[in-house]
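**Student:** One structure follows; several queries about it will come next.
The values are calculated or read from the model by the stated rules, or taken from the named source; none is laboratory data. Just so we're clear, the structure is a prediction, and the values are computed from it rather than from any experiment. Using ideal geometry, Cβ is built from the backbone for each residue, glycine included, and neighbour counts are taken over all protein chains shown. Each accessible area value is taken on the protein alone, full model and side chains, heavy atoms only, with ligands, DNA and RNA left out. Shrake-Rupley method; radii C 1.70, N 1.55, O 1.52, S 1.80 Å.
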Amino acid sequence: MRPTGPLDRVAGAHDAAVLAVARRGEPVARAGLADALQVTPQAISKILSRLSDRGLMEEAGTVSWGPGKPTTLYRIVPSSRRAIGLHLSRSRVHGVVADLTGAVVARHEVPITPGDEPAQLLGLLTGAARELARAGDGELLGLGLGMPGPVDSSAGRPRGAARSDPWHDVPLRDLLVEELRMPVLLDHDSRAALVGESWSQPGLLENAALVLAEDGLGASLRLDGTMVRGAHSQAGEVGHTVVQLGGVPCPCGRRGCAQAEYRAALDRGDDALAAEVLAAVVLNLVRLLDVDRVVLGGRSMYAHHAASMDAVRRALAEGLHGESWVHVEVMLSTRGVDLIAAGAACEVLEHEYGLPTALVGPSPE
Ligand SMILES: [Zn+2]
């Protein structure tokens, strides 16, 4: 399944840490890396030469900080590797190619016709993947697919909320592997999105929630630097937590679920109430999990982003007003509609080159 060979765990942790520092964009020097990683400059030299031999990093000139030998700088080589990311939603397949830094270098989108069966949708997914495989430079590592939950990423199958869901228990990952002959990762859309955000901003989102408003409303969580999956790969399903007892019926069978209330408010044109529901969800997450960053994203979020950001910030200010030591930053994803597709591609990159402590699940096969 692995085209490049895994980094071994011990060397891998340090190699991955150097790559994470380099992903921030500035050229790096041996001494600075040795300080940051608390290892000897000789060890850093070995790591840099190993990463350079694999084409992941390269020399980036020299700099003189005084008398003596000039210092060699190194930088990441974005075009050395690439991964395909696909986002499957109800209306379209949105795909990207991301380079080693997670930057999007190509896009491809195909609409979905309502009523398409899994066999037809599989054809759309493989067609988009083949189109994207031709774009960008560097070794192609594999394909990540983000889709609405529930998704069992270790089994590589969507678990439809209803058994009538056409995707329920379809072995989607294995079907894609068979068709495309490349490694495939399957994940919940909001989790893919958060992996992508943290891949491109190493170290920033160590205790964070990403709240996604697409067709549904969901969240993903990264706590103490590790993605949270839960016993059934369902952690973060905030859309089905109740915010209004006896409220609007939800397809899950309960009443007053956040997702049902949010959609009902938007359908009535009551954007302010929808933003209030969202804000309640975010404050509940902050209270429950003590995250210090909340990323908001998704097509529905972008369509109402000003009202949403205002309501969330207000709710946090009111909800945490007695706790001046608690700071929570709320941000809108910078990736726009690429959020999930780019995140799915970054999950492949993270699987190959991420810090072992941040590995997000068992290796496929
Ligand atoms: Zn529900």
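**Student:** Tell me, which strands (runs of 3 or more DSSP E) lie completely within region 202-316 with 2 or more residues that are within 13 Å of the ligand (Cβ to nearest atom), under 16 Å from Leu332 (Cα atoms) and open to solvent by less than 30 Å² (accessible area, probe 1.4 Å)?
**Tutor:** Because the criterion is at least 2 residues that are within 13 Å of the ligand (Cβ to nearest atom), under 16 Å from Leu332 (Cα atoms) and open to solvent by less than 30 Å² (accessible area, probe 1.4 Å), the strands (runs of 3 or more DSSP E) in region 202-316 that meet it are 217-223.
Condition check ((1) free of Cβ contacts under 8 Å to residues at least 24 places away in the same chain; (2) more than 15 Å from the chain's Cα centre (by Cα)) across all residues:
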{"site": "Arg82", "(1), (2)": "no, yes"}
{"site": "Leu86", "(1), (2)": "no, no"}
{"site": "Arg92", "(1), (2)": "yes, yes"}
{"site": "Asp99", "(1), (2)": "no, no"}
{"site": "Ala106", "(1), (2)": "no, yes"}
{"site": "Leu132", "(1), (2)": "no, yes"}
{"site": "Leu145", "(1), (2)": "no, no"}
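**Student:** For region 167-177, does any single residue satisfy the condition of being free of Cβ contacts under 8 Å to residues at least 60 places away in the same chain, hydrophobic (A, V, I, L, M, F, W, C), more than 16 Å from the ligand (Cβ to nearest atom) and farther than 23 Å from Cys346 by Cα?
**Tutor:** Scanning region 167-177, I find at least one residue that is free of Cβ contacts under 8 Å to residues at least 60 places away in the same chain, hydrophobic (A, V, I, L, M, F, W, C), more than 16 Å from the ligand (Cβ to nearest atom) and farther than 23 Å from Cys346 by Cα, so the answer is yes.
**Student:** So, restricting to strands (runs of 3 or more DSSP E) that lie completely within region 36-96, which ones have at least 2 residues that are outside the structural domain of Val110 (by TED's automatic domain parsing) and farther than 30 Å from Leu180 by Cβ?
**Tutor:** 57-63, 71-76
**Student:** Among the residues of region 204-238, which ones are at pLDDT 95 or above, over 13 Å from Val151 (Cβ atoms) and not hydrophobic (A, V, I, L, M, F, W, C)?
**Tutor:** Asn207, Arg222
**Student:** Any chance region 212-226 includes a residue that's free of Cβ contacts under 8 Å to residues at least 60 places away in the same chain and aliphatic (A, V, I, L, M)?
**Tutor:** No.
**Student:** With Gly149, Gly136, Gly144, Gly160 as the choices, which residue is touching a Cys at 6+ places or on another chain (Cβ under 9 Å), small (Gly, Ala, Ser) and either under 18 Å from Gly196 (Cβ atoms) or in a loop (DSSP other than H, G, I, E, B) (or both)?
**Tutor:** Exactly one residue qualifies, and that residue is Gly144.
**Student:** Then there's this: Out of region 154-170, which residues are at pLDDT 85 or above and open to solvent by less than 20 Å² (accessible area, probe 1.4 Å)?
**Tutor:** Gly156, Pro158
**Student:** Still on this model: All but one of (1) surrounded by 14 or more Cβ atoms within 10 Å (Cβ to Cβ); (2) at pLDDT below 90; (3) outside any helix (DSSP H, G or I) hold for His14; state the number of the condition that does not hold.
**Tutor:** Only one criterion is unmet by His14, namely (3).
**Student:** In this structure, does Gly102 turn out to be in a loop (DSSP other than H, G, I, E, B) and either at pLDDT 95 or above or surrounded by 18 or more Cβ atoms within 10 Å (Cβ to Cβ) (or both)?
**Tutor:** Judged against the criteria, Gly102 is a match.
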